[in-house]
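The structure appears below as structure tokens.
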């Protein structure tokens, strides 16, 4: 069977909703992200709903082509993507990607976001891991980073939204030293429940067990599992075991055991709590997790921002490596990136 051709991105200089496309920044199974400029010439990131499993588009064209038998599923995902844009536009928090505008055009939906420059947490983890130090990140860095992320996630949950795709690649450390959650996964989640997709809708290691079951209830506890998995990655340098593998033989406890003495028992137990296979055994709210994470006896960090801590730690270990990461990502990274 011939490989499926991905839908072509919009041509450069195309104008949509008053924004002019500069170039494609990223593309994945669920959409395309562009760098664009607004009427004043300010750079923005625009995410276009264009699921590769449901739609095609020829080079130079602007309208997606959807086969009749896939149209209802395409529209279901479109509705979810639109609702996600509307909900995100109501949220104003430094740790949540800012949706400036969203609109329908070309038989699809576009989400306009602030353009971010910096690097993802995943890139920092890989750089730090490759330095072969005992600790990938210091405990103080992990605690302050996730304290900041949880402030944003709490606001998201207060708006009756879930992120559903929290992972190091979707936590962005900006050049002005903020930790920002990007690339929410609501449309992806809706489609995964309705369609017979061949590609996975979740990120192995960071997806909670209930994301693998069609009948399971999602809730704040689903995002909290992913937060625990991200903290694990910051300590271990690699993703934790996948949820389905943990059913037969759970290696999480043994891999965390190796980190005892390197990190506090409190932090290790916090991760085990967040990543409990049974959703009801996890913290049920971000507030509960925040209280435990910020225990005064465990906080030993200065008033530096998260970005400063992450970069300073890498600088202290080997400045040249950090500069390579920063230089390679500085002009290419963006507010959101599809899987």
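Some points to look at:
Matching residues to (1) modelled with pLDDT under 90; (2) in contact with a strand residue (DSSP E or B) (Cβ under 8 Å, 6 or more places away or on another chain):
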{"position": "141", "(1), (2)": "no, no"}
{"position": "145", "(1), (2)": "no, yes"}
{"position": "149", "(1), (2)": "no, yes"}
{"position": "164", "(1), (2)": "yes, no"}
{"position": "214", "(1), (2)": "yes, no"}
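- For the range 217-253, a residue qualifies if it is in a loop (DSSP other than H, G, I, E, B) and under 15 Å from residue 276 (Cα atoms), and the qualifying residues are 218, 219, 240, 241, 242, 249, 250, 251.
- The number of residues in the range 187-212 that are over 21 Å from residue 241 (Cα atoms) and modelled with pLDDT of 80 or more comes to 0.
- As a summary of the residue check, residue 295 satisfies the conditions (1) over 27 Å from residue 82 (Cα atoms); (2) modelled with pLDDT of 90 or more; (3) touching a helix residue (DSSP H, G or I) at 6+ places or on another chain (Cβ under 8 Å) except for the one numbered (2).
- Qualifying residues in the range 25-42 (those that are within 26 Å of the chain's Cα centre (by Cα) and modelled with pLDDT of 95 or more) - the one farthest from residue 116 (Cα to Cα): 38
The values are calculated or read from the model by the stated rules, or taken from the named source; none is laboratory data. Here the structure is a predicted model, which means the values were calculated and not measured. Neighbour counts run over all protein chains shown; Cβ positions are idealised from the backbone, glycine included.
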